[in-house]
């Protein structure tokens, strides 16, 4: 049986209500008020909610209409992604004072491997506390952190003492911690999966641990093997400093439902232009083009085609999504259209660089 690797020291830093906190920091009049970043109109969506808004049941990905229903005095502000990106860079600079092994998950969270670190600090908990203190002093925002022996445990721990807190799971505490943890608190187990697990008598980590690997694979497919490992504290994923981008995508939600395919083509032309710009900016091309359609009843469909060559031109993207759109007659009105390009040529470019080089140069927590 595999053993827990207790030598690594991983920190997961997660900013507290990041977008909303930035807006409150930049506009003190918003401090202490229920705030949502996003659109408050009929078709708007909440991108982030302040903790004051969360008390009313307002959360990210909720429709603006429902958010206003739950909190009539909710204040909506438009997202300012350039500002969030600017602050994210300041935070990453603080991280880099401690380690170069940084894996950003988004603008507001990242994994840090501090097993060995630039400050020669033996305690990962001390590093996390110092980082959080510096973020507050130098940036003006609060952050929470989880500290443990792998990414899964660190991520799970960072939610426990939110906001503005941290939780350390020591090597000897891993198994007892996981056994008593409610199954819905496991990172990666969402509401639907949790309900499915309840139906199998799995309510805690101990219940999960008592199921055989064969049982979990039978009922949860490929994820079953993953669940079998993580509940035993086993995860080998490294903190990856340079994550390879896997897709380029853009999508738009429309105020009025689209009922005509002619109108949909007009909208897709605009999105295709965005895709071309992003591909050029990222210096990549792709082979697989996917059309995403979300209908007025919120059902969703995707249609994909893989080309025999790498492309980045708007004309090719648009022509491909047109064919995908006409594959099947649209029977319902459409509220969202999106295009993504995957199967990127990043790996190909890396191999080319390697060939070029060859040609030129024959635990205390």
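Taking the criterion of being surrounded by fewer than 16 Cβ atoms within 10 Å (Cβ to Cβ), under 22 Å from the mean Cα position of the chain (by Cα) and either at pLDDT 95 or above or closer than 22 Å to residue 17 by Cβ (or both), would at least one residue in the stretch 133-148 satisfy it?
No, that holds for no residue.
So which helices (runs of 4 or more DSSP H) are wholly in the stretch 173-224 and hold at least 1 residues that are outside the structural domain of residue 146 (by TED's automatic domain parsing) and loosely packed, with under 14 Cβ neighbours inside 10 Å?
Once the helices (runs of 4 or more DSSP H) in the stretch 173-224 are filtered for at least 1 residues that are outside the structural domain of residue 146 (by TED's automatic domain parsing) and loosely packed, with under 14 Cβ neighbours inside 10 Å, what remains is 174-180, 191-199, 213-220.
For every residue, the table says whether it meets (1) at pLDDT below 95; (2) over 21 Å from residue 305 (Cβ atoms).
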site	(1), (2)
199	no, yes
207	no, yes
220	yes, yes
229	yes, yes
239	yes, yes
255	yes, yes
261	yes, no
270	yes, no
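Conditions (1) at pLDDT below 95; (2) closer than 17 Å to residue 164 by Cβ; (3) in contact with a strand residue (DSSP E or B) (Cβ under 6 Å, 6 or more places away or on another chain), marked per residue:
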position: 3; (1), (2), (3): yes, no, no
position: 14; (1), (2), (3): no, yes, yes
position: 20; (1), (2), (3): no, yes, yes
position: 27; (1), (2), (3): no, no, no
position: 45; (1), (2), (3): yes, no, yes
position: 48; (1), (2), (3): yes, yes, yes
position: 52; (1), (2), (3): no, yes, no
position: 66; (1), (2), (3): yes, no, no
position: 79; (1), (2), (3): yes, no, yes
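Within the stretch 281-303, which residues are loosely packed, with under 15 Cβ neighbours inside 10 Å and either closer than 17 Å to residue 251 by Cα or at pLDDT 90 or above (or both)?
Within the stretch 281-303, 296, 298, 299, 300, 301, 302 meet the criteria.
Might you check whether a residue that is part of a strand (DSSP E or B), within 30 Å of residue 240 (Cβ to Cβ) and either in the same structural domain as residue 334 (by TED's automatic domain parsing) or touching a helix residue (DSSP H, G or I) at 6+ places or on another chain (Cβ under 6 Å) (or both) occurs anywhere in the stretch 73-96?
No.
Does any residue of the stretch 239-253 turn out to be over 30 Å from residue 289 (Cβ atoms) and either surrounded by 14 or more Cβ atoms within 10 Å (Cβ to Cβ) or touching a strand residue (DSSP E or B) at 6+ places or on another chain (Cβ under 7 Å) (or both)?
yes
Which one of these is within 19 Å of residue 235 (Cα to Cα), at pLDDT 95 or above and over 21 Å from the mean Cα position of the chain (by Cα): 127, 169, 102?
So the residue among 127, 169, 102 that is within 19 Å of residue 235 (Cα to Cα), at pLDDT 95 or above and over 21 Å from the mean Cα position of the chain (by Cα) is 169.
The values are calculated or read from the model by the stated rules, or taken from the named source; none is laboratory data. Bear in mind the structure is a predicted one, so any value in this text is a computation, not a measurement. Neighbour counts run over all protein chains shown; Cβ positions are idealised from the backbone, glycine included.
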